[in-house]
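The values are calculated or read from the model by the stated rules, or taken from the named source; none is laboratory data. A quick note: this is a predicted structure, and the numbers were derived from the prediction, not measured. Heads up, the Cβs are rebuilt from the backbone with ideal geometry, glycines too, and the neighbour counts pull from every protein chain shown.
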Amino acid sequence: MESYLWIFPYFRNNIVNDMTLQWKSYGSMVGSWNMLIYGSSIFLMEKISGSKKYSHAPIAFILYFTGLFNLMFNWGHHIYTLPTHSFVKYISYAVSMTELFILGRIIWQWKSSVSEARKLYHHTAYRFLMAADIWIFLTLILAIAMSIPAINVYTHGTHITVAHTMGATIGINSFLLLAIAFDILKDSCVPMTKSIKWVNRGFYTTNVSLLIFWISLIIAGVLKARWQMGDGKMAFGTMMLQLRPYFIVFFVSGMSLITGFYFILFPLIKNQVVCQFKKISKTSSC
């Protein structure tokens, strides 16, 4: 509903208020589907560990509501450059800084998470959860940096924002969804022992490719930020030509990333297709 407030002249005729509301609405929407994914991943972690201790602990609820609050209101760092009300920017900055608590928690728990990873590394779903945890750490560092107004002036409108989005969408959400998919579907009909080598190759290919993909965007963003805040003598087209090598790396690593996902998903999809054919054959024979 918020994203469609622009149809009313009161909002549409004021571009600053309209852009502020648009960012607010999409921040809430992203937060809603992230909560669905995070809730499913918490359920999966509980299932793998066999203990309800973590998910029922007070710290779990604190982290959950901190994450929810942040996802709904930290959109404000995207509108620091808008001439909107100051209180909106102050609230956004304060909310964004709550991510430091989550980052601190990840660092504090690092040793115990490493020992847990060693015990459960053989579990395919857990590997994807572990990868998502690493990408949460990297994305949080970038997000916190982008939320600081003095840094945001440089990063806004550059490929650094894209790197932040890609790290969150692919590195966090995709790996969490893959963890859930593997736990539910991996051995539903045909054991995946023969395909596990391809899944492992895909796991390493996607993570290495995504890291190169992410870094190439950050470097391109830094160079564009330097041009944005420079003396303005260089033409936009000339600056973009200088970024071409990083775009080529971005493209190649993106293709490698797609290949890695293919290695992971093909065995899973093949398994489900075989299962469906077996069900159909059983039904027809009956």
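The requirement of being surrounded by 15 or more Cβ atoms within 10 Å (Cβ to Cβ), over 16 Å from Pro267 (Cα atoms) and small (Gly, Ala, Ser) is not satisfied by Ala150.
Only one of the listed residues (Asp183, Asp231, Asp187) is at pLDDT below 85 and within 20 Å of Ile37 (Cα to Cα). That residue is Asp183.
Might you check whether a residue that is within 27 Å of Ser147 (Cα to Cα) and either in contact with a strand residue (DSSP E or B) (Cβ under 6 Å, 6 or more places away or on another chain) or of a type outside the set (A, V, I, L, M, F, W, C) (or both) occurs anywhere in segment 40-55? Within segment 40-55 (the criterion being within 27 Å of Ser147 (Cα to Cα) and either in contact with a strand residue (DSSP E or B) (Cβ under 6 Å, 6 or more places away or on another chain) or of a type outside the set (A, V, I, L, M, F, W, C) (or both)), the answer is yes, since at least one residue qualifies. Set side by side, the residues Phe137, Phe236, Phe128 differ, and just one is surrounded by fewer than 18 Cβ atoms within 10 Å (Cβ to Cβ), among the aromatic types (Phe, Trp, Tyr) and within 26 Å of Arg105 (Cα to Cα), which is Phe137. When you look at Gly260, is it closer than 27 Å to Ala225 by Cα, under 22 Å from the mean Cα position of the chain (by Cα) and of a type outside the set (Asp, Glu), yes or no? Judged against the criteria, Gly260 is not a match.
Of the conditions (1) touching a residue at least 12 places away in the same chain (Cβ under 8 Å); (2) assigned to a helix (DSSP H, G or I); (3) over 25 Å from Gly31 (Cα atoms), Cys189 fails just one. Which one is it? Unmet condition: (2). If you go through segment 1-24 and pick out every residue that is within 20 Å of Pro83 (Cβ to Cβ) and touching a residue at least 12 places away in the same chain (Cβ under 8 Å), you end up with 11. Restricted to segment 184-210, and to residues there that are within 23 Å of the chain's Cα centre (by Cα) and crowded, with 17+ Cβ neighbours inside 10 Å, the residue that is nearest to Phe277 (Cα to Cα) is Val199.
Cβ-Cβ distances below 6 Å connect the following pairs, each with a first residue in segment 193-220 that is over 13 Å from Leu268 (Cα atoms), a second residue that is outside any helix (DSSP H, G or I), and a separation of six or more residues or different chains: Ala220/Leu243.
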